[in-house]
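Worksheet: one structure, shown below.
The values are calculated or read from the model by the stated rules, or taken from the named source; none is laboratory data. Remember, it's a predicted structure, so these values are computed and weren't measured experimentally. Ideal geometry is used to build each Cβ from the backbone, glycine not excepted, and the neighbour counts take in all protein chains shown. When the accessible area is computed, the model is the full protein with side chains, heavy atoms only, and any ligands, DNA or RNA have been set aside. Shrake-Rupley method; radii C 1.70, N 1.55, O 1.52, S 1.80 Å.
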Amino acid sequence: MYIQAKEIEKRINGRIIINKMDIAIRQQEILAIIGPNGAGKTTALELLLGLQTADSGKVHYWSDDYKKHLGVQLQSVPFFPGLSAIENLKLFAAFYKQVIATNEALAMLNKCGLRDSAYTEAGKLSGGQQKRLAIAAALAHQPELLVLDEPSAALDPRARQDIHQLIQLLHNEGNTVVFTSHDMDEVQRLAHRIIMVVQGDIVAQGTPEELCREHRVASLEHLYLKLSAKEETA
Ligand SMILES: Nc1ncnc2c1ncn2[C@@H]1O[C@H](COP(=O)(O)OP(=O)(O)OP(=O)(O)O)[C@@H](O)[C@H]1O
């Protein structure tokens with residue numbers, strides 16, 4: 001087990017955002033966290049990663065210095081203005097006290113489909129390219145665990161496919177990948193295991209096949225629609 005949270009709870013302004021959740025990330029899996037907008041996916045991830053503190057409950061990590069081995073791409077992309085893609089990448093690595101040579105940085109950008117944009121100012125890249133750069137930045141210190149919050153949102157189909165291939169490649173290289181998504185085809189294609197969150201509760205978890213069998217649905221799209229109906233009736 002990489003990270004295991006027991007009964008974590010988070011309230012914001014008195015409202016329960018995460019409701020006594022037990023959640024785990026296992027080594028070398030591709031885990032998808034799904035659920036409606038505002039369900040608590042990002043908050044749950046941030047609690048798991050230690051980016052927010054739970055009001056109660058406990059989170060156990062596989063290593064005391066786990067943050068060094070963690071790469072995170074959150075939805076907002078904090079690039080340094082005026083700096084090129086490659087300069088941003090080197091700076092992100094430097095935060096982890098790693099110096100990456102230009103050829104290594106170029107290889108990393110190449111892996112993320114950004115070889116031709118290496119010297120373009122980060123702020124001038126397209127939305128899709130910025131998303132790839134955010135993923136490259138999360139990879140800059142060569143983490144074992146990569147957490148991607150909606151990595152393919154707002155990307156064109158080809159860019160989305162590139163991100164899928166990148167996730168597969170990272171997994172094949174031995175990384176653990178956790179991602180959130182609203183695209184059930186993408187989740188079906190990539191995820192070994194799925195956790196579905198609705199209104200701060202885990203309403204389902206398992207492999208795509210287990211979940212479809214257990215809930216007697218033909219696809220993850222149907223599962224999603226069935227289980228998120230709880231939200232409308234709540
Ligand atoms: N700092 C904050 N202040 C007030 N409310 C917050 C804050 N952070 C999160 N919330 C609320 O907590 C709930 C869960 O938010 P969260 O971002 O975790 O959802 P999500 O499942 O990731 O949504 P999405 O799919 O839209 O990204 C939402 O209702 C959100 O408005």
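Structure notes:
- Residues being without any contact (Cβ under 8 Å) to a residue 60 or more places away in the chain, among the aliphatic types (A, V, I, L, M) and away from the ligand (no atom under 16 Å from the Cβ) - total across the range 151-199: 5
- Looking across the range 36-51 at every residue that is over 21 Å from Leu145 (Cα atoms) and open to solvent by less than 40 Å² (accessible area, probe 1.4 Å), the one that is farthest from the ligand (Cβ to nearest atom) is identified as Pro36.
- Candidates Ile3, Ile17, Ile33 - the one that is more than 12 Å from the ligand (Cβ to nearest atom) and in contact (Cβ under 8 Å) with a residue 12 or more places away in the chain: Ile3
- Summed over the range 209-234, the residues that are open to solvent by less than 40 Å² (accessible area, probe 1.4 Å) and either of a type in the set (D, E, K, R) or farther than 20 Å from Leu45 by Cα (or both) give a count of 9.
- Extreme residue, surrounded by the fewest Cβ atoms within 10 Å (Cβ to Cβ), among residues of the range 52-88 that are within 16 Å of the ligand (Cβ to nearest atom) and closer than 21 Å to Ile167 by Cβ: Ser76
- Taken over the range 120-162, the criterion of being among the small types (Gly, Ala, Ser) and not in a helix (DSSP H, G or I) is satisfied by Ser126, Ala140, Ser152, Ala153, Ala154.
The rows are residues; the columns are (1) among the hydrophobic types (A, V, I, L, M, F, W, C); (2) more than 21 Å from Leu106 (Cβ to Cβ); (3) modelled with pLDDT of 90 or more.
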{"residue": "Gly127", "(1), (2), (3)": "no, yes, no"}
{"residue": "Leu133", "(1), (2), (3)": "yes, no, yes"}
{"residue": "Ala136", "(1), (2), (3)": "yes, no, yes"}
{"residue": "His141", "(1), (2), (3)": "no, no, no"}
{"residue": "Leu145", "(1), (2), (3)": "yes, yes, yes"}
{"residue": "Glu150", "(1), (2), (3)": "no, yes, yes"}
{"residue": "Ala153", "(1), (2), (3)": "yes, yes, no"}
{"residue": "Ala159", "(1), (2), (3)": "yes, no, no"}
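- Enumeration of residues in the range 154-182 that are crowded, with 19+ Cβ neighbours inside 10 Å and in contact with a Lys or Arg (Cβ under 8 Å, 6 or more places away or on another chain): Leu155, Ile163, Leu166, Thr176, Thr180
- Ala218 within 16 Å of the ligand (Cβ to nearest atom), small (Gly, Ala, Ser) and modelled with pLDDT of 95 or more: no
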